[in-house]
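Structure record follows, encoded as structure tokens.
The values are calculated or read from the model by the stated rules, or taken from the named source; none is laboratory data. Fair warning: this is a prediction, and the values are worked out from it, not measured in the lab. Please note: Cβ atoms are built from the backbone with ideal geometry, for glycine as well, and neighbour counts cover all protein chains shown. To get the accessible areas, we keep the full protein, side chains included, count just its heavy atoms, and leave off ligands, DNA and RNA. Shrake-Rupley method; radii C 1.70, N 1.55, O 1.52, S 1.80 Å.
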Amino acid sequence: MKGVGKFGEVMAGEKARADYATATEKLLRIIRSRSQQKAVLDFVVRELRRFPHYNWVGVYVVEGEELALRAWNGPAATPHMRIPIGQGICGLAARTRETVVVGDVSKDPRYLECFPSTRSEIVVPIVRDGTAIGEIDIDSDRVDAFDDEDQSFLERIAEELVEIL
Ligand code: SME
């Protein structure tokens, strides 16, 4: 059983690496497809949700002093359809224009709860000419779900989304 477990872990690791590359390719293709913005964003959130540790995925856009949810995919709707830029992890990422990773949301007083099952969160700003115009927000039911690979993958996607927001 030990051998099987080890084999399984190695396979899972390899699969995860392959999936980031495949997902990047697929996402860039659709983002560059010149399809309607809403259709592209719906595709992006649906595609991102295929990663097993991405339990809820949303794209917010900046509208004045607020973030407005433009597309999402997950088991339930969030009560936070609009978030003031002064609030939450989402607001923080928009204000600092830096990715924010919260490994354990129960320990971060800045966190705004959407789902009781969420344990960790990553918010990646979409920045055009030094200004945040939106962000990708992902909740995970696992503690410490997001590592450097998730961050650089999502930052690559965010960079591309600049072109369509
Ligand atoms: N948790 C976020 C709010 C958005 S929901 O996760 C969808 C925050 O702290 O800003």
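Just one of the numbered conditions (1) of a type in the set (S, T, N, Q); (2) under 25 Å from residue 40 (Cα atoms); (3) in contact with a helix residue (DSSP H, G or I) (Cβ under 7 Å, 6 or more places away or on another chain); (4) near the ligand (Cβ under 8 Å from one of its atoms) is not true of residue 78; which one?
For residue 78, the exception is condition (3).
Name the single residue, out of those in segment 43-54 being assigned to a helix (DSSP H, G or I) and touching a helix residue (DSSP H, G or I) at 6+ places or on another chain (Cβ under 8 Å), that is nearest to residue 153 (Cα to Cα).
Of everything passing the filter in segment 43-54, 48 is nearest to residue 153 (Cα to Cα).
Quick grid of which residues meet (1) of a type in the set (A, V, I, L, M); (2) away from the ligand (no atom under 13 Å from the Cβ); (3) part of a helix (DSSP H, G or I):
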residue	(1), (2), (3)
109	no, no, no
114	no, no, no
117	no, no, no
121	no, no, no
143	yes, yes, no
159	no, yes, yes
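How many residues, within segment 81-97, are within 7 Å of the ligand (Cβ to nearest atom) and out of contact with any Cys (no Cβ under 7 Å at 6 or more places or on another chain)?
5
Could you list, in sequence order, all residues of segment 79-100 that are crowded, with 20+ Cβ neighbours inside 10 Å and either closer than 19 Å to residue 53 by Cβ or of a type outside the set (Val, Ile, Thr) (or both)?
88, 89, 90, 91, 93, 94, 100
Quick one: which of 165, 92 is closer than 14 Å to residue 61 by Cβ and of a type in the set (A, V, I, L, M, F, W, C)? Before the answer, list the steps.
Working: 92 fails: closer than 14 Å to residue 61 by Cβ.
That would be 165, the only listed residue that is closer than 14 Å to residue 61 by Cβ and of a type in the set (A, V, I, L, M, F, W, C).
Of the numbered conditions (1) near the ligand (Cβ under 10 Å from one of its atoms); (2) aliphatic (A, V, I, L, M); (3) part of a helix (DSSP H, G or I), residue 40 fails exactly one; give the number of that condition.
Single failed check for residue 40: (1).
Do we have residue 105 as within 13 Å of the ligand (Cβ to nearest atom), over 27 Å from residue 28 (Cα atoms), surrounded by 17 or more Cβ atoms within 10 Å (Cβ to Cβ) and among the hydrophobic types (A, V, I, L, M, F, W, C) here?
yes
Could you tell me which of the residues 95, 70, 82 is within 30 Å of residue 109 (Cα to Cα), at pLDDT 95 or above, in contact with a Leu (Cβ under 6 Å, 6 or more places away or on another chain) and among the charged types (D, E, K, R)?
After ruling out the rest, the residue left standing is 70.
Does residue 131 satisfy the condition of being open to solvent by 70 Å² or more (accessible area, probe 1.4 Å), away from the ligand (no atom under 12 Å from the Cβ) and of a type outside the set (A, V, I, L, M, F, W, C)?
yes
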